Amino acid sequence: MKQTGNTILITGGGSGIGEALAHRLHDAGNTVIVAGRRRETLDAATAGRANMHAMTLDIDSADAIERFAADLIAAHPTLNIVINNAGIMRFEDLSARRDLSDAEATITTNLLGPIRLTNALVGHLKGQPHAAIVNVTSGLAFVPLVTTATYNATKAALHSYTISLRDALAGQVEVTELAPPAVQTDLTPGQRTRTGYQPLDSFADEVMALLGQQPTPKEVLVENVKFLRNAEAEGRFEAALAAVTAMAKGGGH
């Protein structure tokens, strides 16, 4: 992926991983647009930064995504990189009948959102130099956390979708997967200070170093996520699943 002189969209860019990467990419000499639902967090993320812009986006609405894409291209016609980062993570109990609204919202945000946004922008991206799409999945796509079953499933599906997208766009748009480990953010309550999770700054620094490699890795994997990503290939899947489950039962989620 070209390192500087890009015009980059990051969804979920007002906080957490999205904001941290947005700031680093902006510091590297890129124009960055952060998108999300909450205007106040987007404005805080862009404060004092020239060539960093905020646009509100309801990632759950197909119609809103289409309108957003049209407005985005009109305002930033040099857009050439999209980072599909917006996501939600909800805990759920599969052992009894329950209200499925959280599960359905997770699917809409985490899976339909990036599929719809990519669909709305792919025609434009194919006409841009150094075009790239980065889909943010999770280490839990490869070893699930049983208390967040739908979240895991959406990330596993996005992993598979990214493989297909990479092949479909070969030679036209570079397609990369970023699979984070557990990172200290506000994705779930208490996660920002949870022991054993990777500090956000060190995660973002490691990601930037990996994105700077030539060629760009098909999968951007920091060291902390390899325990999950490589578990099945290394014959450790059951042990890794047991470890993740034990961590969750111990209150570490």
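The values are calculated or read from the model by the stated rules, or taken from the named source; none is laboratory data. Please read these numbers as outputs of a predicted model, since none were measured by experiment. Cβ sites come from the backbone with ideal geometry, for glycine too, and all protein chains shown count toward neighbours.
Here are a few things to note about the model shown:
- Taking (1) touching a strand residue (DSSP E or B) at 6+ places or on another chain (Cβ under 8 Å); (2) assigned to a loop (DSSP other than H, G, I, E, B); (3) over 25 Å from residue 208 (Cα atoms) in turn, residue 71 satisfies each apart from (2).
- Test: residue in the range 222-245 that is in contact with a Leu (Cβ under 9 Å, 6 or more places away or on another chain) and modelled with pLDDT under 95: yes
- Scanning the range 7-52 for residues that are over 24 Å from residue 202 (Cβ atoms), part of a loop (DSSP other than H, G, I, E, B) and touching a residue at least 12 places away in the same chain (Cβ under 8 Å) yields 37, 38, 51.
- Per the conditions (1) part of a helix (DSSP H, G or I); (2) in contact (Cβ under 8 Å) with a residue 12 or more places away in the chain, the sole criterion not satisfied by residue 160 is (2).
- Odd one out for residue 162, checked against (1) touching a Leu at 6+ places or on another chain (Cβ under 9 Å); (2) under 26 Å from residue 197 (Cα atoms); (3) not aromatic (Phe, Trp, Tyr): (1)
- Checking residue 4 against (1) assigned to a loop (DSSP other than H, G, I, E, B); (2) within 19 Å of residue 200 (Cα to Cα), the condition it does not meet: (2)
- Looking only at the range 124-141, and only at residues there that are free of Cβ contacts under 8 Å to residues at least 60 places away in the same chain and either touching a strand residue (DSSP E or B) at 6+ places or on another chain (Cβ under 8 Å) or in a helix (DSSP H, G or I) (or both), the one that is nearest to residue 184 (Cα to Cα): 137
- Close pairs from the range 56-74: first within 15 Å of residue 115 (Cα to Cα), partner of a type in the set (S, T, N, Q), Cβ under 6 Å, at least 6 apart: 59/109; 60/108; 60/109
- Test result for residue 136, at pLDDT 95 or above, under 14 Å from the mean Cα position of the chain (by Cα) and within 18 Å of residue 1 (Cα to Cα): yes
- The helices (runs of 4 or more DSSP H) located wholly in the range 174-251 include none with 3 or more residues which are buried (at least 18 other Cβ atoms within 10 Å of the Cβ), among the hydroxyl-bearing types (Ser, Thr, Tyr) and under 16 Å from the mean Cα position of the chain (by Cα).
Table: residues versus (1) surrounded by 13 or more Cβ atoms within 10 Å (Cβ to Cβ); (2) within 18 Å of the chain's Cα centre (by Cα); (3) in a loop (DSSP other than H, G, I, E, B).
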position	(1), (2), (3)
95	no, no, yes
106	yes, yes, no
109	yes, yes, no
114	yes, yes, no
118	yes, yes, no
122	yes, yes, no
143	yes, yes, yes
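- The range 203-229, subset out of contact with any helix residue (DSSP H, G or I) (no Cβ under 9 Å at 6 or more places or on another chain) and of a type in the set (S, T, N, Q), residue farthest from residue 179 (Cα to Cα): 214
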